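First the structure, in the form of structure tokens, and then the observations on it.
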Amino acid sequence: MKYTISRQFSFGKEKFEIVSGSKIVYTVKVTPSKECIGQFNVKLSNPTSKYIDDEFCIIEPDPNTPRKYLIYIVNNELNEKTLFGQLQYDFCGYNNCLYTIVIGRKLYKVRSSDLKDRRLAIIDTLEQNNPLKSDQYPTFQPPETLFQVIDSFSKLNKTYHVTVHDKEKHLGYLSIVILLDLHECKRD
């Protein structure tokens, strides 16, 4: 699915719209965290979710670890809150951050300097087909692109074009883009 994430003008709070085609599919509301200074609470929701049971995504700072977020997918219908992933950031050198993203059992790392100079793509690594069978010859799946952000991150850029290839977990990947944008704009 192709999405366009746009930062909206607002006093006091950050707001984003996520558009697919020409339709607004999600709105994003961001508030500064009261418990964790310098971090945010984020909610991605469908603007029609008042009328339709749907999933939404919430992002909360981890109270046990500084500079770390927990990303949850919430199913309204089942009243379930499932951990999608984590994003942690550490300062490394002058005007540069290292973002560590954990999705399931996969670990991804990206630096601020990479976000300014090139596209962001998270690609699933090669895996053995069936690691439980020791007598099987290892066969590998080709790497799979999970999502791509076409535009570089900067304070001047208010729109991001995103392609998410994982239809089941698209909210989680969109939330990662929102977090990266928030922190990169704050850092600039």
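When Gly38 is tested against (1) closer than 15 Å to Gln88 by Cβ; (2) at pLDDT 90 or above; (3) in contact with a helix residue (DSSP H, G or I) (Cβ under 9 Å, 6 or more places away or on another chain), just one condition goes unmet, and that condition is (2).
Are any residues in the stretch 113-128 surrounded by 12 or more Cβ atoms within 10 Å (Cβ to Cβ) and either in contact with a Phe, Trp or Tyr (Cβ under 8 Å, 6 or more places away or on another chain) or modelled with pLDDT under 85 (or both), and if so, which ones?
Within the stretch 113-128, the first condition is being surrounded by 12 or more Cβ atoms within 10 Å (Cβ to Cβ), and the residues that meet it are 113-116, 119-124, 127-128.
Residues satisfying the conditions are Leu115, Lys116, Arg119, Leu120, Ala121, Ile122, Ile123, Asp124, Glu127, Gln128.
Residues in the stretch 1-35 that are hydroxyl-bearing (Ser, Thr, Tyr), surrounded by 15 or more Cβ atoms within 10 Å (Cβ to Cβ) and either closer than 19 Å to Ile71 by Cβ or modelled with pLDDT under 90 (or both): Tyr3, Tyr26, Thr27, Ser33. Taking the stretch 93-108 as the range and being surrounded by 12 or more Cβ atoms within 10 Å (Cβ to Cβ) and either not in a strand (DSSP E or B) or not polar (S, T, N, Q) (or both) as the test, the residues that pass are Asn96, Cys97, Leu98, Tyr99, Ile101, Val102, Ile103, Lys106, Tyr108.
Residue count for the stretch 41-66 satisfying the condition of being loosely packed, with under 12 Cβ neighbours inside 10 Å and either modelled with pLDDT of 90 or more or hydrophobic (A, V, I, L, M, F, W, C) (or both): 3. Scanning the stretch 82-93 for residues that are out of contact with any Cys (no Cβ under 9 Å at 6 or more places or on another chain) and either at pLDDT 90 or above or within 24 Å of Lys158 (Cα to Cα) (or both) yields Thr82, Leu83, Gly85, Gln86, Leu87, Gln88.
The values are calculated or read from the model by the stated rules, or taken from the named source; none is laboratory data. These numbers come from a predicted model, not from an experiment. When we count neighbours, we look across all protein chains shown, and the Cβ atoms used for this are built from the backbone with ideal geometry, even at glycine.
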